[in-house]
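Here the structure comes first, spelled out in structure tokens, and everything after it is commentary.
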Amino acid sequence: MRRVASDHSQHAIMHRSEERMMFEQELDSASQRLRQSLHQLDVPIPDQIEWMPTPFEGQWGFGTNACFLTAAAEARAGKKVSVPSRAQEIAETVLNDLGPITGFTRTEAEKGYLNLYIEPTQYANRVIDTVLDQGESFGSGDPKKQQVMVEYSQPNTHKAFHVGHLRNVILGGAMSNILEFAGYNTVRANYIGDIGWHVIQWLWCYLKFHSGEEPKGDRTRWMQDIYTEAVQLIDDHPEYEAEAREVFARWENDDPEIKRIWEKTRNWSLEGFNEIYENLGEQFDVFFYESEVEKPGKVLVEELIEQGLAIDERSIGGPVVVKLDELLGLEAETYRVLVILRSDGTSLYATKDLPLAIKKFKEWQIDKSIYVIDVRQSLYLKQIFKFLEIMGFKQGADCYHLSYEIVNLPGDVTISSREGTIVMFDDLMQEAFKRALWIVEDKNPSLSVAQKKNVAEMVALGALKYPMLAVDNNKVATFDWERALDFEGQAAPYIQYAHVRANSILNKAASIPHHVPSEFELEVQEISLLDQISRLPDEVKRSAENYKPLTIANYAFDLARTFSEFYQHCPVLKAEKDVRAFRLRLTAATKQTLANSLRLLGIESPEVM
RNA sequence: GCCCCUGUAGCUCAAUGGACAGAGCACCGGACUUCUAAUCCGACGGUUACAGGUUCGAAUCCUGUCAGGGGCACCA
């Protein structure tokens, strides 16, 4: 899994010159001159010279640690020096030697770092022009000629759609948006669990106790209620399990009655899911179904047995297994054993995941296959990917498990549709909407009813999505009503509010000036804002390379905060003519950058709220 | 027994191996006749679980310990 990630970043480094980083050219030529200067000093030259934004508030610049690397190399070569002071010495010498550097108005040797500062007035217009010219595409990467498939959501029919599922959809959706924006051709895939033991239990219960009934009200909830009932009954009455197993056998034998009811009830779930996706603003390019890969899977299992890769233990009452560690000649337990078919010949996840993985690559010509699946399936996916390779399907190495931790309820209660400890998506959405509507009525009563509802929907949805993206994937999230409905502080509404304020200023101005000579001194808040805006392209790149939407979630909030500070300290409309014009343009650029960032997270940017 | 993840401010969480570890919440004190106060400003708050190691430099990498969570043959 790691290898996939690092291959990916190597690729990106190779094509770095194609990227549209804001100060790429200036930094590249600065690096070259730095190399020459170090060469003249006859000191070791680092392989790579990296530039990072300087950490000082209100100053816009980049620093490099190159002199540390050089001094450390000298020390390793036997020279008796204190590395930090030697680094500072080298930095100072180099600085003298270099003189002025194109594109930077101030250079500095500080604590061993070599810092190059950007004169804000010189580049302010460049940043703003870039944003305003590129508009919605500001921050995007150049096309990579690589096709990536992201499989996410994967709901089970005949079951609930709850907040645990939400984390998956939100994460997968945002990851897809970011990859696409970063320049990859992105295929959004859903994989519906429309068959399996859970479906059979449901069908058994339906046939026995609810025959002929139709869903009432919220379909997904109705489906879940029957599922919970089925599990309960089978747990309490062991004899029912045999009955349900019979239903399974009938399904396996293509019993027309069972198939008919299965199809009908399955569709109820699918319709319910589609409503949810519509609400969430999610769209998929392709739907795979477990039911469609089940038979190919069984055929594949037979082939694997013939090839001697899988061991058929059915004759002694066992399942069909793959002994991965044995196949790989590994002593230590690593991949363990993968069961690919039940002893009664019915299918398992693995039966279906193997053919599906191959189908994805063959039918969609993808280069990477990403699986957004919770962390508990890490070993399982590791097994699948490795076994694909063993089977001779090399692209197993191009599969990547984007794992995330589960969502718990307060008190460490695990969400379980089996046990009915769930918060339904629909309840959550309605509650959030109600709350958002109440607040918008309080804050902005002059809006029309339609506007208020529209705003409330955007705000509620953003508020639900953002917390799922603003924590690291591998941290357990606790779902808490109070926090989910808190629209203040570090939350989507804060970011949306910044967008609204920017919009409000722009609306009050007659127009956005095309170009202004920014030859006055800029405020600290203006410099920070320009700096922040200019970082988006790099953040997008990093987010895509590391498969981390969190990067963008953090960025969006930081940008909003920087803008709020600017808003507070720098009047726009009442400022003197040139300053006013400049700030209007800066505000327009911020609005665009905020909107682009939020869009990547799957969050809408209201014009008013 | 083996493997994976987590441990950072009272709470929830950030932080490309870099400069002084930052936000939000909570608490305390300020700012609305001024571009929307869903905001801003200030104060408070830290032995980054612990012990070693690598490195010029470690919250970050390595080893070990402790604590919590998850996974490991027919669940998904």
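The values are calculated or read from the model by the stated rules, or taken from the named source; none is laboratory data. Only a predicted model underlies this, so the values are computations on that prediction, with no experimental measurement involved. Please note: Cβ atoms are built from the backbone with ideal geometry, for glycine as well, and neighbour counts cover all protein chains shown.
Annotation note: Cβ proximity below 9 Å between a residue of the stretch A:70-88 that is in contact (Cβ under 8 Å) with a residue 40 or more places away in the chain and a residue that is more than 10 Å from RNA strand B (Cβ to nearest atom) and among the aliphatic types (A, V, I, L, M) (sequence gap 6+ or interchain) occurs for A:71/A:43; A:71/A:90. Taking the criterion of being touching a strand residue (DSSP E or B) at 6+ places or on another chain (Cβ under 7 Å), modelled with pLDDT of 95 or more, more than 13 Å from RNA strand B (Cβ to nearest atom) and not assigned by TED's automatic domain parsing to the domain that holds residue A:481, would at least one residue in the stretch A:130-143 satisfy it? No, because not a single residue in the stretch A:130-143 is touching a strand residue (DSSP E or B) at 6+ places or on another chain (Cβ under 7 Å), modelled with pLDDT of 95 or more, more than 13 Å from RNA strand B (Cβ to nearest atom) and not assigned by TED's automatic domain parsing to the domain that holds residue A:481.
Picking from residues in the stretch A:134-188 that are assigned to a loop (DSSP other than H, G, I, E, B) and on the phi > 0 side of the Ramachandran plot, the one that is nearest to the chain's Cα centre (by Cα) is A:153. Here residue A:128 meets the list (1) surrounded by fewer than 16 Cβ atoms within 10 Å (Cβ to Cβ); (2) in contact with a helix residue (DSSP H, G or I) (Cβ under 7 Å, 6 or more places away or on another chain); (3) touching a residue at least 60 places away in the same chain (Cβ under 8 Å) almost entirely, failing just condition (1). When residues in the stretch A:343-370 are screened for being touching a Leu at 6+ places or on another chain (Cβ under 6 Å) and not hydrophobic (A, V, I, L, M, F, W, C), 2 of them pass.
Among the residues making up the stretch A:113-126, those that are in contact with an Asp or Glu (Cβ under 9 Å, 6 or more places away or on another chain) and of a type outside the set (Phe, Trp, Tyr) are A:114, A:115, A:116, A:118, A:120, A:121, A:124. Over 22 Å from residue A:176 (Cβ atoms) and aliphatic (A, V, I, L, M): is that true of residue A:390 in this structure? When the stated conditions are applied, residue A:390 passes them. In the condition set (1) surrounded by fewer than 22 Cβ atoms within 10 Å (Cβ to Cβ); (2) near RNA strand B (Cβ under 9 Å from one of its atoms); (3) assigned to a helix (DSSP H, G or I), residue A:573 is compliant with all but (3). Before we move on, is residue A:230 assigned by TED's automatic domain parsing to the domain that holds residue A:373, at negative phi and assigned to a helix (DSSP H, G or I)? Judged against the criteria, residue A:230 is a match. The listed residues are A:428, A:402, and the only one of them that is in contact (Cβ under 8 Å) with a residue 40 or more places away in the chain, under 30 Å from residue A:464 (Cβ atoms) and away from RNA strand B (no atom under 15 Å from the Cβ) turns out to be A:428. Of the residues making up the stretch A:237-278, those that are surrounded by fewer than 14 Cβ atoms within 10 Å (Cβ to Cβ) and farther than 18 Å from residue A:203 by Cβ number 3.
Of the strands (runs of 3 or more DSSP E) entirely within the stretch A:45-133, those holding at least 3 residues that are closer than 30 Å to residue A:587 by Cα occupy A:51-53, A:61-64, A:113-117. Checked against the criterion of being assigned to a helix (DSSP H, G or I), near RNA strand B (Cβ under 8 Å from one of its atoms) and either touching a Ser or Thr at 6+ places or on another chain (Cβ under 7 Å) or not hydroxyl-bearing (Ser, Thr, Tyr) (or both), the stretch A:577-590 has at least one qualifying residue.
Put simply, of A:409, A:402, A:428 the only residue that is under 23 Å from residue A:171 (Cβ atoms) and at pLDDT below 85 is A:409.
Pairs meeting the criteria (first residue in the stretch A:484-513 and closer than 21 Å to residue A:600 by Cβ, second residue surrounded by 14 or more Cβ atoms within 10 Å (Cβ to Cβ) and charged (D, E, K, R), beta carbons under 7 Å, at least 6 apart or on different chains) are A:492/A:465; A:499/A:591; A:500/A:607; A:502/A:591; A:503/A:591; A:503/A:607.
Evaluate the following for residue A:463: is it surrounded by 20 or more Cβ atoms within 10 Å (Cβ to Cβ) and more than 30 Å from residue A:570 (Cβ to Cβ)? Considered against the rule, which asks whether it is surrounded by 20 or more Cβ atoms within 10 Å (Cβ to Cβ) and more than 30 Å from residue A:570 (Cβ to Cβ), residue A:463 comes out as no.
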